[in-house]
Amino acid sequence: SEYADAVEENNKRYKANQQLYRKRQEINEHIFGTIKRKWGYNHTNLIGLEKVNGEHSLIMLVYNIKRSINILGVPDLIAKLKAWNSPYKR
């Protein structure tokens, strides 16, 4: 394969840093698995980089809100949002 060198290089990096790759799987990979498999978001509905980035950002925002609700609960999340002092100008 034309990518054999890249695959071999990646395998060397993985073997040298197995704990780091495992930590990455724990932290990052489940997010994309949830979005792709559980929510069915495996393609975009829009065309163009700016629109696709916007759609992806909305999906990630929804994921973060759902995760926050699961961790804090709705009343605590609302209380924290009301108490939040934004560093941005209104």
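Any aspartates and glutamates with Cα under 20 Å of the LYS12 Cα? List them, leaving off those in the same chain fewer than 8 positions away. The qualifying aspartates and glutamates are GLU2.
Determine the share of the chain's accessible area contributed by carbon and sulfur atoms, expressed in whole percent, with a 1.4 angstrom probe. Mind showing how you got there, number by number?
Working: 4600 of 8340 Å².
Carbon with sulfur: 55 percent of the solvent-accessible area.
In the elastic network of the chain, a GNM with C-alpha springs shorter than 10 Å, the most mobile of GLY40, GLY73, GLY48 is GLY48. Averaged over its residues, the chain has an accessible area of 93 Å² per residue, based on protein heavy atoms and a 1.4 Å probe. In this structure, the residue pairs whose Cα-Cα separation is over 31 Å, taken from LYS15/LYS51; LYS51/LYS89; LYS23/LYS89, are LYS15/LYS51; LYS23/LYS89. Computed from Cα positions, the angle between helix 74-83 and the longest principal axis of the chain comes to roughly 80 degrees. Could you state the angle between the C-alpha long axis of helix 4-16 and the longest principal axis of the C-alpha atoms of the chain, as a value from 0 to 90 degrees rounded to the nearest 10? Value to nearest ten degrees: 60. Here the sum of -39500 (n - 2.57) over DSSP H runs of 4 or more residues, divided by the residues of the chain, equals -20000 deg cm²/dmol at 222 nm, to the nearest 500. Taking label points 7 Å from Cα along the Cα-to-Cβ direction, ARG24 and SER86 give a separation of 3.5 nm.
Which residue fluctuates most in the GNM of the chain (Cα springs below 10 Å): ASN64, ASN45, ASN11? Residue with maximal mean-square fluctuation among ASN64, ASN45, ASN11: ASN11.
Taking 22 Å as R0, compute the FRET efficiency from the Cβ-Cβ separation of THR34 and SER57 and round it to 0.05. Write down the numbers at each step before the final one.
Numbers: r = 17 Å, r/R0 = 0.75.
Calculated value: 0.85.
Across all Cα pairs in the chain, the calculated P(r) in 10 Å bins from zero up to the longest distance comes to 13, 24, 30, 24, 7, 2 percent per bin. Taking the C-alpha atoms only, the angle from helix 49-72 to the longest principal axis of the chain is near 70 degrees. Residue separation of THR44 and ALA16 scaled by 0.36 nm, minus their Cα-Cα distance, works out to 6.5 nm of gained length.
Could you give me D for the stretch 35-82, from Stokes-Einstein at 10 °C and 1.306 mPa s, where the hydrodynamic radius is the Kirkwood radius over C-alpha pairs? Units µm² s⁻¹, please.
Working: Rh = 12.2 Å.
Taking Rh from Cα pairs, D becomes 130 µm²/s.
The values are calculated or read from the model by the stated rules, or taken from the named source; none is laboratory data. Because the structure is a prediction, the values reported are computed rather than measured. Counting neighbours? That spans all protein chains shown, and the Cβs are built from the backbone with ideal geometry, glycine included. Just the protein is used for accessible areas: all its heavy atoms, side chains included, with ligands, DNA and RNA removed. Shrake-Rupley method; radii C 1.70, N 1.55, O 1.52, S 1.80 Å.
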